[in-house]
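Let me begin by presenting the structure, written as C-alpha cells, before commenting on it.
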Amino acid sequence: MLEAIAIDDEPLALQDFLKEVAPIKTFQVIRTFTDAEEAIDFLVDYRKIEVIFCDIEMPNLSGMKTLELCRSLCDYFIFLTAHPQHTLEAFGKLCDAYMHKPAMEEDIRKHINRFIEIRASAPIREEILPRKMWAQTMKPINGKHAKMPILLEEVSLITVIENYVQFTLVHNVDEIFTVKSSLASILRTYPDLFAQVNRFQLVAKSYVERIHDQTVYLKTGQTASLTYRYSNVFRNKLLLP
C-alpha cells in the first residue's frame, strides 16, 4: 500500500480530505500537517514518502516553496487549491498533478491510479545513493534556523564540532549548514566525494587544487591542514605524489 501525507493550514479542509480518501484502499494517509515546516521536519526523519498532497496558499511556507524543499523526498507531489490562477505556476514548479479543492474521491482515485501505472511501467533501476542532505542553517532565517536541502557536490569543506558536522558550500563560503552526524558516516556513504585530511575535517576531492607543506589548498581559496596520520591515504585517494 502506498503511503502519503497531506499538508493544509486549514484543519477542516484536512478533515474533509480524509473523509474522501477513506474508501480508497490503494494508499494510506499516514500523517496530516497544518504547518509545512513540521511536515518537512517529519520527512527529514522519515526519509521519503510516496505521495504528498499539499495546499498552495499557506502562511509561513507556501505550497510552491514546500514543493521545492520536498521534491527529492517524495515520488509524487499533488497540489490541492481553491485558486485556479495557480495552475500554470504549479506545473512550472514541476509538480506531478493538480486538483481543485474540495478534492473528491473520484478525482483522488484517478490521480493515485495514474501514479501506480507510471510507477509500474517505469524501468527497474539500481538504487542510487542520494546526493542531497538536509541541513540546518547556522544563521536564522526569519528568526528561525531553517532546514534546507544542500547538494553534496557543492560542498567544499566539512568540519566536525562535537556531535555535529558543518558544511561549507562552494558558492557561499560564509554560509554554514549543520547536521547531526559524524565524519565517519559521511565517508562511508560518500567515499567518492570526500577525503579526510585531519581528525576534524573532510575536503571535497574535486575541489583540491594542490598540497604544499602539509596544507591542502582548495579551488575555493580555502585551506585545510593535512596531518601525517591521514597524509598517505589522502594522497593515494587523489593519486597525488
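Taken together, the values in this text are just the output of simple stated rules run on the coordinates, not laboratory data. Keep in mind that what you see is a predicted model, and the values were worked out from it rather than measured. Note that we place each Cβ from the backbone using ideal geometry, even for glycine, and neighbour counts take in every protein chain shown.
Overview of values
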item	result
For region 2-121, size of Cβ-based charge dipole, Lys and Arg +1, Asp and Glu -1, in debye	480
P(r) tail fraction, region 132-238 - alpha-carbon pairs more than 17 Å apart, %	50
Entries of K25/K101; K48/K205; K205/K237 with Cα pairs more than 18 Å apart	K25/K101; K48/K205
Per-selection metrics, region 2-121 (Cα): Rg and Dmax in Å	12.9, 38
Proximal aspartates and glutamates relative to K147, as straight alpha-carbon distance under 15 Å, when same-chain residues fewer than 8 apart are discounted	D35, E37, E38, D41, D45, E68, E175
Farthest positive-ward along region 132-238 dipole, Cα basis, beta-carbon charges - from N236, M148, A184	A184
Percentage, to the nearest whole number, of Cα pairs in region 153-199 over 17 Å apart	28
